[in-house]
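J.: Mind having a look at this structure? Questions to follow.
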């Protein structure tokens, strides 16, 4: 019987493991499907990781390496090349591997840290032929940085998510011609620093409010792409066609938390995040099962994944060492122009000084106010100079504000500053 | 070498014919123009084994559909092909459509379709809670089924090969000469001679027919587009849900698939590019609009793929099956319900060959079964057992569809070995799931390289020319 089984050995799983160890758990297992821990960071060889966590700029593998060595100094067991097939509310974890076969492992607690996957061409119904040469940005990144192959020479990128932006620069550095980055929304989905460093610095045009309306093939591979401007309802505007002669389309059109195990265990899900509904300590609706990182909601910065996962690991330790918690909770509601919040529920008694609340806004704001209210009454406000859907926001809700809600649900909303 | 029989085309029709003929003591050649088998109409369709109430009574389509449907269950069991007799409903949304339903019931009865009956709206709602409340009633056909269509063809072809048949791929037939008592087939892979020829060339079957005979029908290829939704949507429909057929065909259906997904489509648009199954904005919009009539709650938020298929339609309201020339059999213009009819069409082909004077002894040692390990379909004990036998069944490569390295290696070394990532997909199911090969693609490439001893740059996504990778990174260092 393990104290804790962590599913996924990426940044979330590693941070949760380290934190659970520091908080007193000793029988901890990380199950990782890949051949080594580190997760998707291993293919993110660019820098920019760790500015918050380590106050320095690291590459993805370096950032992962820090946590791998921290965990290496503990007694945490890591099982690689091992897949979890099933979990349940009784904390049984069915795993298989070539080395050990099929096993059912038991634990007092579980942390879900499976990360996310990329949306594909099928999710966005791009018309046209179906040739080779259409990749998600992440798979192209894997081929390039892990396997050592270029997927193409003349590239169009659809979507301005961060992986697509990073790949625009990476492919350019490798000698490819990135002809355009095309974004259907009127604003970018990625971080401003990536727009500047990965597109503008390389003279790669960004077409906002545009989309790909046709992919054509010659001899089994992408040969041409048609790009059109879209109106407010995202319908292509006739007469705005641009033709690109290219061999590759990279898709960076969003990430989806990978929650098939979570769903099959019957854990309550949030349709807005596509992740589990979590409490302030990252516990899910199933007692003793916690979730953290991109499997809960998609983060922009791994630094925040680490912080969130450390909270989850500490909470799992508390769950195992103290006793399960059924204190009353209040719900956190996404108010006007707020896409979602994490957590969705707060057990006020369990909050020490303040509760971390993460959220995304639905549109671009300049000078703005984030308002926390209960029963129509404003409890607290936070000021921001700039907010955008591509950038996750974070507030620390002081315990006294939560107490002021007096057991009523709280609502987080955004508005322009007066 | 002179073959006894050459089959042109290795879609489900050619493969089923080859499978049936491989029970006899004959030398058998299968010619396929693509780099893999099951690449035409067989790879992209609604994946339905129709019950057989749709074709006009008295037609070959009616006879062979009902017969093929009855054969499917045992064949799929023997050949380890995913098949499920889920039954179908033809939904009526008005009193006049109820007339159509009654007409289909009469046809079905005359065609000998077992078990059909007309349902009231309430019976429909009890069976299909998510269908539109506008439904007035339906025709229920319990024998309709869902199948993995390309695996049906691959299973037939693999078993034929186990029995000694040869498959030549990248062998497009470009001309046919009569040489005494045999045919000389010119192909892009060289010339071949055979005493009997079967034309199962799908959308190419008119061109093949015209090489040996007077033109007697005109190919009118027709494209149909689809959505495939994630498994989390798979239980929205319990049966194949048709709307009433119209002049464009059987209309837009919603159905569970044997893989556990939900399939929605198709539209029907004539095309003069039979080798170009593309998707169009208008086609996909048409499918969404029509499907909403059956199931207003349906959304495409969990769509994982669009695809389209080309139907081998002709100007004739009938399969073009017959003796086209001396010792030359047409299995041509096989449109819907071609997949459903395939094994019955194969029996018909043998009958026609016998009319031409074909005599061969039935082999007592012919193989008629195929074993295939599908890790996902095994229970816990079964999984433990196969991993003990081969540890590669313990390594999951495709996480969405739970496909193991062992299954991929099995596919690579199967009787008609695939040469592309999509060839592995069709045999092992990798990349069929929600990430569409984003995660497993690079690992499948790696396994193909290892098992075939070829370079990564030579690996194809699918058909000829569809190279995945362009070059190695920074291989040359100057100075």
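Read the figures in this text as sums done on the coordinates, not as results from a lab. Nothing here was measured: the structure is a model prediction, and the numbers come from that model. Note: ideal-geometry Cβ built from the backbone for every residue, glycine included; neighbour counts use all protein chains shown.
J.: What whole-number distance in Å separates the alpha-carbon centres of region B:404-425 and region B:59-92?
T.: A separation of 27 Å, based on Cα centres.
J.: What number, rounded to the nearest 500 deg cm²/dmol, is the helix-based mean residue ellipticity at 222 nm of chain B, given -39500 (n - 2.57) per DSSP H run of at least four residues and division by all its residues? It would help to have the intermediate numbers written out before the result.
T.: Values: 12 runs with 146 residues, N = 479.
Only helices count here, giving -9500 deg cm²/dmol.
J.: So what's region A:163-255 giving for Rg/Rh, alpha carbon basis, Kirkwood Rh from the mean inverse pair distance?
T.: Details: Rg = 13.3 Å, Rh = 13.8 Å.
Rg/Rh: 0.96.
J.: Based on DSSP, what percent of beta bridges with both residues in chain B are antiparallel, to the nearest 5?
T.: 70
J.: So, one more: Out of all Cα-Cα pairs in region A:1-117, roughly what percent, to the nearest whole number, are more than 23 Å apart?
T.: 28
J.: Counting partner chain Cβ atoms within 10 Å of every residue's Cβ in A:113-126, what's the average?
T.: The mean count of partner-chain Cβ atoms within 10 Å per residue comes to 5.
J.: Just check region A:49-105 against the gyration tensor rule for me: Cα atoms, a ≥ b ≥ c as the square roots of the eigenvalues, rounded for a/c under 1.5, and otherwise prolate or oblate depending on whether a/b exceeds b/c.
T.: Taking the square roots of the gyration eigenvalues as a ≥ b ≥ c, region A:49-105 is prolate.
J.: While we're on this one: Only Cα pairs under 8 Å and at least 6 apart count here; give the relative contact order of region A:120-253 as a rounded whole percent.
T.: Numbers: 297 pairs, mean separation 44.0, N = 134.
In percent, rounded to a whole number, it is 33.
J.: Kindly work out what percent of the DSSP beta bridges joining two residues of chain A are antiparallel, to the nearest 5.
T.: Percentage antiparallel, nearest 5: 60.
J.: When all alpha-carbon pairs of the protein assembly as shown are counted, what percent fall beyond 46 Å?
T.: When every Cα pair of the protein assembly as shown is considered, 31 percent fall beyond 46 Å.
J.: Going by how many other beta carbons lie within 10 Å of each one, how would you line up A:261, B:31, fewest first?
T.: A:261, B:31
J.: How large is the convex hull of the C-alpha atoms of chain B per residue, in Å³?
T.: So the per-residue Cα hull volume is 168 Å³.
J.: Rounded to the nearest 10 degrees, what's the angle between the helix A:302-321 long axis and the longest principal axis of chain A, both from Cα atoms, 0 to 90?
T.: Tilt relative to chain A: about 20 degrees.
J.: Defining a contact as two alpha carbons under 8 Å apart and six or more residues distant in sequence, what relative contact order in percent does chain A show?
T.: Working: 1036 pairs, mean separation 65.6, N = 418.
Averaging sequence separation for qualifying contacts and normalising by length gives 16 percent for chain A.
J.: Got a sec? How would A:53, B:449 order by Cβ neighbour count within 10 Å, fewest to most?
T.: Arranged by neighbour count, lowest to highest, A:53, B:449 become B:449, A:53.
J.: With N set to the number of residues, divide the alpha-carbon radius of gyration of region B:375-458 by 2.2 N^0.38 Å and report two decimals.
T.: Computed over Cα atoms of region B:375-458, the ratio equals 1.05.
J.: Please arrange B:218, A:226, B:187, B:294 by how many other C-beta atoms lie within 10 Å of their C-beta, fewest to most.
T.: B:218, A:226, B:187, B:294
J.: While we're here: On a 0 to 90 degree scale, rounded to 10, what angle separates helix A:162-173 from the longest Cα axis of chain A?
T.: Helix A:162-173 and the main axis of chain A meet at about 50 degrees.
J.: Still on this structure, I have one more. I need to check one value: relative contact order of region A:327-418, counting alpha carbon pairs closer than 8 Å and at least 6 residues apart, in percent.
T.: The normalised contact order for region A:327-418 reaches 38 percent.
J.: Between A:165, A:179, A:51, where does the largest GNM mean-square fluctuation fall for chain A, given springs only between Cα atoms within less than 10 Å?
T.: A:51
J.: Would you calculate a helix-derived [θ] at 222 nm for chain A, using -39,500 (n - 2.57) for each DSSP H run of n ≥ 4 and dividing by the full residue count, to the nearest 500?
T.: For chain A, the value works out to -5500 deg cm²/dmol.
J.: In Å and whole numbers, how far do the C-alpha atoms of region A:106-175 stretch along each principal axis, longest first?
T.: In descending order, the Cα extents are 52, 30, 21 Å.
J.: What fraction, in whole percent, of alpha-carbon pairs in region B:1-62 exceed 20 Å separation?
T.: Value for region B:1-62: 45 percent of Cα pairs lie more than 20 Å apart.
J.: Quick one: angle between helix A:60-72 and the longest Cα principal axis of chain A, in degrees between 0 and 90, rounded to 10, please.
T.: Roughly 20 degrees between the two axes.
J.: Please give the contour-minus-distance gain from residue B:25 to residue B:184: 0.36 nm per residue of separation, less the Cα-Cα distance, rounded to one decimal in nm.
T.: Taking 0.36 nm per residue and subtracting the Cα distance, the gain is 55.1 nm.
J.: Cα extents of region B:1-137 along the three principal axes, largest first, in whole Å?
T.: Principal extents (largest minus smallest coordinate, Cα): 63, 31, 26 Å.
J.: By the gyration tensor of its Cα atoms, with a ≥ b ≥ c the square roots of the eigenvalues, what is the shape of chain A: rounded for a/c under 1.5, prolate for a/b over b/c, or oblate?
T.: Oblate shape, in that a/c is at least 1.5 and b/c is the bigger or equal ratio.
J.: Along the principal axes of its C-alpha atoms, what lengths does region A:327-418 span, in descending order and rounded to whole Å?
T.: The Cα atoms of region A:327-418 stretch 37, 24, 20 Å along the principal axes, largest first.
J.: Let me confirm one metric for peptide A:139-151, namely the mean number of other chain beta-carbon atoms within 10 Å of its residues' beta-carbons.
T.: Mean partner-chain Cβ count within 10 Å for A:139-151: 5.
J.: Give the separation of the Cα centroids, region A:364-418 to region B:330-400, in Å.
T.: 61
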